[in-house]
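The values are calculated or read from the model by the stated rules, or taken from the named source; none is laboratory data. No experiment lies behind these values; they were computed from the predicted model shown. Every residue, glycine as well, gets a Cβ built from its backbone with ideal geometry; the counts of neighbours run over all protein chains shown.
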Amino acid sequence: MAEFPSEILFMALAAFIVILIYKGVLIVPQAEIHIVERLGKFYRSLSGGFHLIIPFIDRVQVVLSSKEHIINIPRQPVITRDNVTIQIDGIVFMAIVDAYKTTYNVTNYQVAVANLALTTLRSEIGSMALDEVLSNREKINSRILLILDEAGANWGTKVTRIEISDIAVPDEIQNAMSMQMKAEREKRAIELKAQADKEAVIRKSEAYKAEQFLKAEAIERLAQAEAFQVKAVAEAQKEAMELITQAMKNHPQAAEFMLAKDRIAAFNELAKNPSKDKVVVPYEATELIGSLTILGGMLKEGKNPLSALKSE
């Protein structure tokens, strides 16, 4: 019976050691950050892995997630610069980069980021007209992201991006915008048609101008060709007349020979006509007889009537 208290003491000591080891071993998951305080004061932050702490002296005060957080901005009414009330909501993406500041510099970092995002959103949209709000979402997102990032540096947070998910416009404003858009499209269509008609008229005029220019150029070249042809024919006729004149000076009977030759050829053509009811009476019969007489005389003398012309 005397050994019983010692066994109880040993078992109690063993249990205390087991509890001490159990409390002193801390396994932190990969995506968590544990803030450890020693005697009520910040000691250190523990990331994922195996850690040892002093039981009853060190205590895990806060457990934070190192994952990216998604904070929804609830739909809120916002007034634009031109006094149009719109409904707008958004999403903020952020992550914790300094667990100490997140724990001790702000009460609730998610609420703080959401309220700051909403305030900044109202301020930015209040300085813009409705058309600018609808067409400049990227500008609004960039401005809010810059302000949240500056404020988040003191809270140990990093805002990675912000997105305006929806902008709801009142029905009467939406109808007015639809009518305005329709009018703008009709105006644009009329302007495009007028511009197309103008370009068509200009191109048609240019084509007509080019056509007339080509016609005038062709007429000019044709006239030049005809003038050259007439000049060449005239030069040839001139040379032929000079040769004939020279030949007639040297041989006076050559002209009569040529006339006689032409008349004989004409009578030969008439003789070929099969008509039996024809009478050929030469208009200068005496001259024809005279020409034949001259031709016969030259042949009797043994002269070639064409030799004079050929020699010339």
Sole residue being buried (at least 19 other Cβ atoms within 10 Å of the Cβ), closer than 17 Å to residue 153 by Cβ and outside the structural domain of residue 33 (by TED's automatic domain parsing), chosen from 99, 95
99
Under 8 Å by Cβ, and 6 or more places apart or on different chains, what pairs join a residue from region 151-176 that is within 16 Å of residue 80 (Cα to Cα) with one that is of a type in the set (Ser, Thr, Tyr)?
170/85
Give region 148-166 a look and list any residue that's surrounded by 18 or more Cβ atoms within 10 Å (Cβ to Cβ) and either closer than 22 Å to residue 76 by Cα or not assigned by TED's automatic domain parsing to the domain that holds residue 124 (or both), or say none.
148, 159, 162, 164
Name the residues in region 33-60 that are closer than 24 Å to residue 105 by Cα and either surrounded by 15 or more Cβ atoms within 10 Å (Cβ to Cβ) or touching a helix residue (DSSP H, G or I) at 6+ places or on another chain (Cβ under 7 Å) (or both), would you?
33, 34, 35, 36, 37, 42, 43, 45, 46, 58, 59
Right, residue 17: assigned to a strand (DSSP E or B) and not basic (Lys, Arg) or not?
no
Count of region 28-82 residues which are assigned to a strand (DSSP E or B) and either under 19 Å from residue 95 (Cα atoms) or not aromatic (Phe, Trp, Tyr) (or both)
34
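Quick grid of which residues meet (1) of a type in the set (Val, Ile, Thr); (2) under 53 Å from the mean Cα position of the chain (by Cα); (3) not assigned by TED's automatic domain parsing to the domain that holds residue 165:
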{"site": "30", "(1), (2), (3)": "no, yes, yes"}
{"site": "36", "(1), (2), (3)": "yes, no, yes"}
{"site": "40", "(1), (2), (3)": "no, no, yes"}
{"site": "45", "(1), (2), (3)": "no, no, yes"}
{"site": "50", "(1), (2), (3)": "no, no, yes"}
{"site": "53", "(1), (2), (3)": "yes, no, yes"}
{"site": "58", "(1), (2), (3)": "no, no, yes"}
Restricting to region 113-128, count the residues that are closer than 11 Å to residue 71 by Cβ and either exposed (fewer than 13 other Cβ atoms within 10 Å of the Cβ) or modelled with pLDDT of 90 or more (or both).
1
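Residues of region 83-116 being in a helix (DSSP H, G or I), of a type outside the set (Ser, Thr, Tyr) and touching a strand residue (DSSP E or B) at 6+ places or on another chain (Cβ under 6 Å), which ones? Explain how you work it out, then say what you get.
Pass one, region 83-116, residues in a helix (DSSP H, G or I): 99-104, 109-116.
Within this subset, residues satisfying the condition of being of a type outside the set (Ser, Thr, Tyr) are 99, 101, 110-116.
Scanning region 83-116 gives 99, 110, 113, 114.
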